[in-house]
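Here is the structure we will look at.
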Amino acid sequence: MTRRDFSERDIHMALDGELPGEERMAYDSWLETNPEMKAKSVRYIADRAALRAAFAGVMDEPVPARLRQALLGEATVRAAAWRSRWWLSAAAAVVLVAGGLAGYVAGIDGIGRGDGADDQLAEQAIAAHVIYAAEKRHAVEVPASDKDHLQTWLSNRVGLKLVAPDLAAEGFQLVGGRLLPAGHGKAAMLLYEDAKGERISLFVTAESADKAKGTYMAEKDGPEAVYWLDKGYGCAVVGSLPRERLAAVAKSAYGQLLAGLAS
Amino acid sequence: MNEKKAAILGEIPRLRRYARSLLRDRDSADDLVQDCLERALVRLDNWQTGESPRRWLFTIMHHLFIDQMRKVNRRGEAQMLPLEAGEAQAAPAEQVESIASREIIDALQAISPDRRAALVMVAIEGFSYAEAANILGVPAGTLMSRIARGREELRGLLDDSARRRSIRVVEK
(Lines give C-alpha, C1' and ligand atoms only; values in the text may rest on other atoms or scores of the structure.)
Protein backbone atom coordinates (compact mmCIF):
# COMPACT_ATOMS: atom_id res chain seq x y z
CA MET A 1 0.00 0.00 0.00
CA THR A 2 1.13 3.52 -0.49
CA ARG A 3 2.79 5.03 2.52
CA ARG A 4 2.15 8.54 1.36
CA ASP A 5 0.06 10.38 -1.18
CA PHE A 6 1.76 11.04 -4.46
CA SER A 7 1.11 14.07 -6.61
CA GLU A 8 2.12 15.56 -9.94
CA ARG A 9 5.28 16.75 -8.29
CA ASP A 10 6.39 13.15 -7.94
CA ILE A 11 6.12 12.64 -11.69
CA HIS A 12 8.90 15.18 -12.14
CA MET A 13 10.95 13.73 -9.31
CA ALA A 14 10.62 10.20 -10.69
CA LEU A 15 11.57 11.39 -14.15
CA ASP A 16 14.59 13.28 -12.87
CA GLY A 17 15.83 10.43 -10.68
CA GLU A 18 15.03 12.27 -7.46
CA LEU A 19 12.45 9.84 -6.09
CA PRO A 20 13.92 7.78 -3.23
CA GLY A 21 14.43 4.16 -4.33
CA GLU A 22 12.21 2.74 -1.59
CA GLU A 23 9.22 4.83 -2.82
CA ARG A 24 9.54 3.73 -6.40
CA MET A 25 7.26 0.70 -6.23
CA ALA A 26 4.53 2.58 -4.41
CA TYR A 27 4.84 5.39 -6.97
CA ASP A 28 4.54 2.99 -9.88
CA SER A 29 1.37 1.43 -8.51
CA TRP A 30 -0.05 4.90 -7.82
CA LEU A 31 0.63 5.81 -11.44
CA GLU A 32 -1.12 2.67 -12.69
CA THR A 33 -4.29 3.63 -10.85
CA ASN A 34 -4.28 7.24 -12.11
CA PRO A 35 -4.68 7.26 -15.91
CA GLU A 36 -4.45 11.05 -16.07
CA MET A 37 -1.16 11.11 -14.19
CA LYS A 38 0.11 8.14 -16.16
CA ALA A 39 -0.59 10.01 -19.42
CA LYS A 40 1.31 13.04 -18.11
CA SER A 41 4.26 10.91 -17.15
CA VAL A 42 4.35 9.21 -20.55
CA ARG A 43 4.16 12.56 -22.26
CA TYR A 44 6.98 14.10 -20.20
CA ILE A 45 9.18 11.08 -20.82
CA ALA A 46 8.60 11.46 -24.56
CA ASP A 47 9.31 15.21 -24.45
CA ARG A 48 12.55 14.59 -22.62
CA ALA A 49 13.63 12.01 -25.18
CA ALA A 50 12.85 14.51 -27.95
CA LEU A 51 14.80 17.25 -26.15
CA ARG A 52 17.83 15.04 -25.72
CA ALA A 53 17.67 13.88 -29.33
CA ALA A 54 17.39 17.46 -30.59
CA PHE A 55 20.68 18.47 -28.94
CA ALA A 56 22.59 15.19 -29.11
CA GLY A 57 24.32 16.20 -32.34
CA VAL A 58 26.07 19.16 -30.67
CA MET A 59 28.21 16.78 -28.62
CA ASP A 60 29.64 15.25 -31.78
CA GLU A 61 30.54 18.55 -33.44
CA PRO A 62 34.26 19.32 -33.43
CA VAL A 63 35.20 22.08 -30.98
CA PRO A 64 35.38 25.33 -32.99
CA ALA A 65 38.92 26.64 -33.44
CA ARG A 66 38.10 29.99 -31.81
CA LEU A 67 37.05 28.25 -28.58
CA ARG A 68 40.22 26.17 -28.47
CA GLN A 69 42.21 29.34 -29.04
CA ALA A 70 40.33 31.27 -26.36
CA LEU A 71 41.16 28.56 -23.87
CA LEU A 72 44.69 27.74 -24.88
CA GLY A 73 45.79 31.35 -24.91
CA GLU A 74 46.57 31.75 -28.56
CA ALA A 75 45.40 34.86 -30.38
CA THR A 76 41.61 34.91 -30.49
CA VAL A 77 39.80 35.34 -33.75
CA ARG A 78 38.10 38.52 -32.48
CA ALA A 79 41.39 40.18 -31.64
CA ALA A 80 43.03 38.97 -34.82
CA ALA A 81 40.51 40.91 -36.91
CA TRP A 82 42.13 44.25 -36.13
CA ARG A 83 45.57 42.91 -35.56
CA SER A 84 45.90 41.96 -39.18
CA ARG A 85 45.34 45.54 -40.27
CA TRP A 86 46.56 47.59 -37.35
CA TRP A 87 49.45 45.46 -36.36
CA LEU A 88 52.13 47.84 -37.50
CA SER A 89 50.83 51.01 -35.87
CA ALA A 90 49.85 49.20 -32.70
CA ALA A 91 53.23 47.56 -32.46
CA ALA A 92 54.95 50.90 -32.96
CA ALA A 93 52.81 52.45 -30.25
CA VAL A 94 53.60 49.68 -27.83
CA VAL A 95 57.29 50.29 -28.32
CA LEU A 96 56.77 53.98 -27.45
CA VAL A 97 54.97 53.18 -24.22
CA ALA A 98 57.44 50.52 -23.25
CA GLY A 99 60.22 52.99 -23.92
CA GLY A 100 58.54 55.60 -21.76
CA LEU A 101 58.17 53.13 -18.92
CA ALA A 102 61.73 51.95 -19.18
CA GLY A 103 62.75 55.58 -18.81
CA TYR A 104 60.62 55.91 -15.73
CA VAL A 105 61.96 52.76 -14.17
CA ALA A 106 65.47 53.97 -14.82
CA GLY A 107 64.69 56.99 -12.66
CA ILE A 108 64.03 59.62 -15.32
CA ASP A 109 60.51 60.10 -14.09
CA GLY A 110 57.94 62.75 -14.80
CA ILE A 111 57.09 63.73 -11.23
CA GLY A 112 57.06 67.48 -10.70
CA ARG A 113 58.16 68.17 -14.23
CA GLY A 114 56.02 71.25 -14.59
CA ASP A 115 52.43 71.72 -15.56
CA GLY A 116 52.10 70.62 -19.14
CA ALA A 117 48.98 69.24 -20.75
CA ASP A 118 50.28 65.76 -20.04
CA ASP A 119 50.42 66.42 -16.30
CA GLN A 120 46.94 67.89 -16.38
CA LEU A 121 45.60 64.85 -18.11
CA ALA A 122 47.31 62.50 -15.67
CA GLU A 123 46.08 64.52 -12.68
CA GLN A 124 42.51 64.53 -13.87
CA ALA A 125 42.71 60.83 -14.55
CA ILE A 126 44.11 60.10 -11.11
CA ALA A 127 41.54 62.33 -9.39
CA ALA A 128 38.72 60.53 -11.19
CA HIS A 129 40.21 57.18 -10.31
CA VAL A 130 40.55 58.03 -6.63
CA ILE A 131 36.90 59.10 -6.43
CA TYR A 132 35.16 56.49 -8.51
CA ALA A 133 37.26 53.35 -8.16
CA ALA A 134 36.54 53.49 -4.43
CA GLU A 135 32.79 53.47 -5.02
CA LYS A 136 31.38 50.01 -4.62
CA ARG A 137 27.86 50.47 -5.92
CA HIS A 138 28.04 53.70 -7.88
CA ALA A 139 31.38 53.38 -9.59
CA VAL A 140 29.97 53.56 -13.08
CA GLU A 141 27.01 55.10 -14.89
CA VAL A 142 26.70 52.39 -17.51
CA PRO A 143 27.65 48.82 -16.54
CA ALA A 144 29.68 46.44 -18.66
CA SER A 145 26.58 44.36 -19.31
CA ASP A 146 25.55 47.23 -21.57
CA LYS A 147 28.91 47.47 -23.30
CA ASP A 148 27.69 48.33 -26.78
CA HIS A 149 25.59 51.20 -25.51
CA LEU A 150 28.46 52.34 -23.27
CA GLN A 151 30.84 52.52 -26.22
CA THR A 152 28.40 54.31 -28.48
CA TRP A 153 27.37 56.79 -25.83
CA LEU A 154 30.90 57.69 -24.72
CA SER A 155 32.11 57.86 -28.32
CA ASN A 156 29.37 60.34 -29.17
CA ARG A 157 29.95 62.50 -26.11
CA VAL A 158 33.73 62.54 -26.21
CA GLY A 159 33.97 62.73 -29.98
CA LEU A 160 36.29 59.78 -30.49
CA LYS A 161 35.57 56.31 -31.68
CA LEU A 162 36.00 54.51 -28.39
CA VAL A 163 36.36 50.78 -28.04
CA ALA A 164 36.56 49.44 -24.48
CA PRO A 165 39.74 47.34 -24.57
CA ASP A 166 39.48 43.68 -23.65
CA LEU A 167 41.91 43.27 -20.75
CA ALA A 168 40.93 39.72 -19.83
CA ALA A 169 44.39 38.48 -20.73
CA GLU A 170 45.75 40.85 -18.08
CA GLY A 171 43.16 39.60 -15.61
CA PHE A 172 40.82 42.59 -15.78
CA GLN A 173 37.13 42.62 -16.61
CA LEU A 174 35.24 45.75 -17.62
CA VAL A 175 33.01 47.06 -14.83
CA GLY A 176 31.54 49.89 -16.87
CA GLY A 177 32.12 53.54 -17.60
CA ARG A 178 31.09 57.13 -17.05
CA LEU A 179 31.31 60.54 -18.61
CA LEU A 180 33.40 63.22 -16.90
CA PRO A 181 34.43 66.83 -17.45
CA ALA A 182 38.02 67.30 -18.58
CA GLY A 183 39.45 70.76 -19.11
CA HIS A 184 37.04 72.47 -21.52
CA GLY A 185 35.76 69.20 -22.86
CA LYS A 186 34.63 65.78 -21.81
CA ALA A 187 36.39 62.59 -20.93
CA ALA A 188 35.38 58.96 -20.87
CA MET A 189 36.32 56.84 -17.91
CA LEU A 190 36.31 53.06 -18.20
CA LEU A 191 36.67 51.06 -15.01
CA TYR A 192 38.09 47.53 -14.82
CA GLU A 193 38.39 45.06 -11.99
CA ASP A 194 40.42 41.89 -11.48
CA ALA A 195 39.42 38.71 -9.64
CA LYS A 196 40.72 40.14 -6.36
CA GLY A 197 38.72 43.31 -6.70
CA GLU A 198 41.70 45.49 -7.66
CA ARG A 199 40.54 48.28 -9.93
CA ILE A 200 42.15 50.26 -12.70
CA SER A 201 40.69 52.93 -14.93
CA LEU A 202 41.18 54.24 -18.42
CA PHE A 203 40.68 57.94 -18.96
CA VAL A 204 40.26 59.13 -22.53
CA THR A 205 39.74 62.63 -23.85
CA ALA A 206 39.69 64.17 -27.31
CA GLU A 207 41.43 67.33 -26.12
CA SER A 208 45.09 67.36 -26.89
CA ALA A 209 47.46 69.15 -29.17
CA ASP A 210 50.63 67.86 -27.57
CA LYS A 211 52.51 64.72 -28.24
CA ALA A 212 53.77 63.21 -25.03
CA LYS A 213 53.94 60.06 -23.01
CA GLY A 214 55.08 59.08 -19.56
CA THR A 215 54.07 58.06 -16.10
CA TYR A 216 52.80 60.28 -13.33
CA MET A 217 52.09 59.95 -9.65
CA ALA A 218 50.10 62.70 -7.91
CA GLU A 219 51.36 61.70 -4.47
CA LYS A 220 53.72 59.20 -2.99
CA ASP A 221 52.08 55.78 -2.60
CA GLY A 222 49.02 57.00 -4.51
CA PRO A 223 47.81 55.47 -7.75
CA GLU A 224 50.02 55.87 -10.77
CA ALA A 225 49.05 56.98 -14.27
CA VAL A 226 50.61 55.79 -17.48
CA TYR A 227 49.60 58.28 -20.16
CA TRP A 228 50.12 59.21 -23.72
CA LEU A 229 48.91 62.14 -25.78
CA ASP A 230 48.79 62.63 -29.47
CA LYS A 231 47.10 65.07 -31.81
CA GLY A 232 43.40 64.79 -31.04
CA TYR A 233 43.38 62.44 -28.11
CA GLY A 234 44.91 61.73 -24.77
CA CYS A 235 44.68 58.67 -22.64
CA ALA A 236 45.80 57.59 -19.18
CA VAL A 237 45.70 54.21 -17.48
CA VAL A 238 45.52 54.62 -13.69
CA GLY A 239 45.93 52.08 -10.95
CA SER A 240 47.80 51.05 -7.83
CA LEU A 241 49.42 48.03 -9.39
CA PRO A 242 53.00 46.86 -9.37
CA ARG A 243 54.66 48.87 -12.13
CA GLU A 244 55.28 45.90 -14.40
CA ARG A 245 51.66 44.87 -14.29
CA LEU A 246 50.40 48.41 -14.87
CA ALA A 247 52.78 48.66 -17.82
CA ALA A 248 51.44 45.39 -19.29
CA VAL A 249 47.85 46.59 -18.89
CA ALA A 250 48.64 49.98 -20.42
CA LYS A 251 50.39 48.34 -23.33
CA SER A 252 47.42 46.16 -24.10
CA ALA A 253 44.90 48.98 -23.60
CA TYR A 254 46.89 51.34 -25.77
CA GLY A 255 47.14 48.96 -28.69
CA GLN A 256 43.42 48.24 -28.59
CA LEU A 257 42.33 51.86 -28.10
CA LEU A 258 44.49 52.97 -31.00
CA ALA A 259 43.10 50.26 -33.22
CA GLY A 260 39.60 51.31 -32.18
CA LEU A 261 40.24 55.01 -32.87
CA ALA A 262 41.53 54.25 -36.32
CA SER A 263 38.77 51.82 -37.26
CA MET B 1 48.72 22.51 -22.02
CA ASN B 2 48.32 22.37 -18.27
CA GLU B 3 46.07 19.96 -16.40
CA LYS B 4 43.37 22.51 -15.67
CA LYS B 5 43.07 23.68 -19.25
CA ALA B 6 42.94 20.09 -20.48
CA ALA B 7 40.06 19.39 -18.10
CA ILE B 8 38.23 22.52 -19.28
CA LEU B 9 38.78 21.57 -22.91
CA GLY B 10 37.01 18.28 -22.22
CA GLU B 11 33.92 20.18 -21.00
CA ILE B 12 33.54 22.34 -24.11
CA PRO B 13 31.15 19.96 -25.94
CA ARG B 14 28.77 20.01 -22.94
CA LEU B 15 29.06 23.76 -22.54
CA ARG B 16 28.23 24.17 -26.23
CA ARG B 17 25.23 21.89 -25.94
CA TYR B 18 23.91 23.83 -22.95
CA ALA B 19 24.55 27.16 -24.66
CA ARG B 20 22.79 25.96 -27.81
CA SER B 21 19.72 24.94 -25.83
CA LEU B 22 19.66 28.36 -24.19
CA LEU B 23 20.27 30.50 -27.26
CA ARG B 24 19.51 28.42 -30.36
CA ASP B 25 21.65 30.48 -32.75
CA ARG B 26 24.93 28.68 -33.16
CA ASP B 27 27.20 31.74 -33.23
CA SER B 28 25.53 33.41 -30.26
CA ALA B 29 25.81 30.14 -28.35
CA ASP B 30 29.51 29.85 -29.14
CA ASP B 31 30.01 33.51 -28.17
CA LEU B 32 28.54 32.62 -24.79
CA VAL B 33 30.88 29.65 -24.46
CA GLN B 34 33.84 31.82 -25.46
CA ASP B 35 32.92 34.45 -22.85
CA CYS B 36 32.65 31.65 -20.32
CA LEU B 37 36.08 30.27 -21.18
CA GLU B 38 37.65 33.72 -21.03
CA ARG B 39 36.15 34.38 -17.63
CA ALA B 40 37.15 30.93 -16.41
CA LEU B 41 40.75 31.60 -17.42
CA VAL B 42 40.80 34.81 -15.41
CA ARG B 43 39.50 32.94 -12.38
CA LEU B 44 41.49 29.77 -12.83
CA ASP B 45 42.87 30.12 -9.31
CA ASN B 46 39.35 29.85 -7.85
CA TRP B 47 39.07 26.31 -9.08
CA GLN B 48 40.74 23.50 -7.17
CA THR B 49 42.23 20.69 -9.19
CA GLY B 50 40.64 17.38 -8.35
CA GLU B 51 37.22 19.03 -8.24
CA SER B 52 35.09 18.53 -11.38
CA PRO B 53 35.28 21.64 -13.54
CA ARG B 54 31.77 20.99 -14.84
CA ARG B 55 29.74 22.65 -12.10
CA TRP B 56 32.22 25.51 -11.90
CA LEU B 57 32.04 26.18 -15.63
CA PHE B 58 28.26 25.84 -15.81
CA THR B 59 27.95 28.34 -12.96
CA ILE B 60 30.12 30.86 -14.79
CA MET B 61 28.18 30.39 -18.00
CA HIS B 62 24.83 30.67 -16.29
CA HIS B 63 25.78 34.05 -14.81
CA LEU B 64 26.86 35.28 -18.22
CA PHE B 65 23.61 34.06 -19.75
CA ILE B 66 21.50 35.80 -17.11
CA ASP B 67 23.47 39.04 -17.60
CA GLN B 68 22.81 38.81 -21.31
CA MET B 69 19.08 38.20 -20.81
CA ARG B 70 18.85 41.22 -18.51
CA LYS B 71 20.60 43.36 -21.07
CA VAL B 72 18.25 42.24 -23.81
CA ASN B 73 15.23 42.99 -21.64
CA ARG B 74 16.48 46.38 -20.57
CA ARG B 75 17.12 47.47 -24.11
CA GLY B 76 13.62 46.49 -25.03
CA GLU B 77 14.81 43.92 -27.48
CA ALA B 78 12.81 41.15 -25.90
CA GLN B 79 10.72 40.99 -29.03
CA MET B 80 13.85 39.78 -30.79
CA LEU B 81 13.50 36.55 -28.86
CA PRO B 82 11.64 34.17 -31.08
CA LEU B 83 8.25 33.86 -29.41
CA GLU B 84 6.94 32.20 -32.52
CA ALA B 85 10.35 31.08 -33.57
CA GLY B 86 9.03 28.66 -36.17
CA GLU B 87 7.63 31.57 -38.14
CA ALA B 88 9.87 34.42 -37.04
CA GLN B 89 13.23 32.84 -37.64
CA ALA B 90 14.38 30.47 -40.32
CA ALA B 91 16.40 27.56 -39.04
CA PRO B 92 20.13 28.14 -39.52
CA ALA B 93 21.12 26.72 -42.88
CA GLU B 94 23.97 24.58 -41.62
CA GLN B 95 21.80 22.82 -39.11
CA VAL B 96 19.90 19.89 -40.42
CA GLU B 97 17.01 19.46 -38.05
CA SER B 98 14.09 17.12 -38.29
CA ILE B 99 10.67 18.72 -37.97
CA ALA B 100 10.32 17.20 -34.50
CA SER B 101 13.66 18.59 -33.37
CA ARG B 102 12.93 22.01 -34.80
CA GLU B 103 9.58 22.14 -33.06
CA ILE B 104 10.95 21.23 -29.69
CA ILE B 105 13.91 23.61 -30.05
CA ASP B 106 11.54 26.43 -30.99
CA ALA B 107 9.25 25.58 -28.09
CA LEU B 108 12.19 25.56 -25.70
CA GLN B 109 13.21 29.03 -26.89
CA ALA B 110 9.72 30.32 -26.23
CA ILE B 111 9.61 29.48 -22.54
CA SER B 112 11.10 31.89 -20.00
CA PRO B 113 14.92 31.82 -19.71
CA ASP B 114 14.76 30.82 -16.04
CA ARG B 115 12.55 27.82 -16.72
CA ARG B 116 14.52 26.91 -19.82
CA ALA B 117 17.78 26.85 -17.90
CA ALA B 118 16.34 24.79 -15.05
CA LEU B 119 14.71 22.25 -17.34
CA VAL B 120 17.74 21.83 -19.59
CA MET B 121 20.09 21.54 -16.67
CA VAL B 122 18.20 18.54 -15.31
CA ALA B 123 16.59 16.94 -18.36
CA ILE B 124 19.47 17.22 -20.85
CA GLU B 125 22.60 17.86 -18.81
CA GLY B 126 21.67 15.32 -16.14
CA PHE B 127 22.46 17.39 -13.06
CA SER B 128 20.72 16.45 -9.82
CA TYR B 129 18.25 18.92 -8.31
CA ALA B 130 20.83 19.83 -5.67
CA GLU B 131 23.55 20.46 -8.26
CA ALA B 132 21.25 22.40 -10.58
CA ALA B 133 19.90 24.55 -7.74
CA ASN B 134 23.46 25.30 -6.72
CA ILE B 135 24.55 26.25 -10.23
CA LEU B 136 21.49 28.43 -10.83
CA GLY B 137 21.75 29.95 -7.36
CA VAL B 138 18.13 29.25 -6.37
CA PRO B 139 16.53 27.19 -3.57
CA ALA B 140 15.60 23.59 -4.44
CA GLY B 141 11.89 24.44 -4.21
CA THR B 142 12.25 27.21 -6.78
CA LEU B 143 14.16 24.91 -9.07
CA MET B 144 11.46 22.26 -8.85
CA SER B 145 8.66 24.66 -9.64
CA ARG B 146 10.64 26.04 -12.60
CA ILE B 147 11.12 22.52 -13.93
CA ALA B 148 7.43 21.64 -13.48
CA ARG B 149 6.22 24.90 -15.06
CA GLY B 150 8.80 24.58 -17.83
CA ARG B 151 7.61 21.09 -18.72
CA GLU B 152 3.96 22.16 -18.74
CA GLU B 153 4.71 25.16 -20.88
CA LEU B 154 6.79 23.11 -23.28
CA ARG B 155 4.02 20.57 -23.63
CA GLY B 156 1.46 23.29 -24.31
CA LEU B 157 3.64 24.85 -27.00
CA LEU B 158 4.30 21.50 -28.66
CA ASP B 159 0.56 20.79 -28.68
CA ASP B 160 -0.04 24.20 -30.29
CA SER B 161 2.46 23.62 -33.04
CA ALA B 162 1.06 20.13 -33.69
CA ARG B 163 -2.39 21.70 -33.96
CA ARG B 164 -1.17 24.37 -36.36
CA ARG B 165 0.49 21.73 -38.47
CA SER B 166 -2.68 19.72 -38.74
CA ILE B 167 -4.66 22.86 -39.66
CA ARG B 168 -2.20 23.58 -42.44
CA VAL B 169 -2.60 20.05 -43.72
CA VAL B 170 -6.37 20.45 -43.74
CA GLU B 171 -6.14 23.79 -45.60
CA LYS B 172 -4.15 22.18 -48.39
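The values are calculated or read from the model by the stated rules, or taken from the named source; none is laboratory data. These figures come from a predicted structure and were not determined experimentally. Reconstructed Cβ throughout: ideal geometry from the backbone, glycine too, with neighbour counts over all protein chains shown.
For the stretch B:134-147, filtering for residues that are assigned to a helix (DSSP H, G or I), free of Cβ contacts under 8 Å to residues at least 60 places away in the same chain and more than 11 Å from every other protein chain (Cβ to nearest Cβ) leaves 1.
Just wondering, is there one or more residues in the stretch A:33-40 that are within 24 Å of residue B:100 (Cα to Cα) and within 46 Å of the chain's Cα centre (by Cα)? Yes; the residues of the stretch A:33-40 include at least one that is within 24 Å of residue B:100 (Cα to Cα) and within 46 Å of the chain's Cα centre (by Cα).
Matching residues to (1) within 11 Å of another protein chain (Cβ to nearest Cβ); (2) under 30 Å from residue B:31 (Cβ atoms); (3) in contact (Cβ under 8 Å) with a residue 24 or more places away in the chain; (4) hydroxyl-bearing (Ser, Thr, Tyr):
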residue: A:33; (1), (2), (3), (4): no, no, no, yes
residue: A:38; (1), (2), (3), (4): no, no, no, no
residue: A:45; (1), (2), (3), (4): yes, no, yes, no
residue: A:49; (1), (2), (3), (4): yes, yes, no, no
residue: A:55; (1), (2), (3), (4): yes, yes, no, no
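Return the only residue of B:140, B:78, B:162 being farther than 22 Å from residue A:46 by Cβ, surrounded by fewer than 19 Cβ atoms within 10 Å (Cβ to Cβ) and at pLDDT 65 or above. So that I can check it myself, show each step before the final result.
Values: B:78 fails: at pLDDT 65 or above; B:162 fails: farther than 22 Å from residue A:46 by Cβ.
Answer to the check: B:140.
So is residue B:119 under 13 Å from the mean Cα position of the chain (by Cα), crowded, with 18+ Cβ neighbours inside 10 Å and within 16 Å of residue A:44 (Cβ to Cβ) or not? So residue B:119 passes the test.
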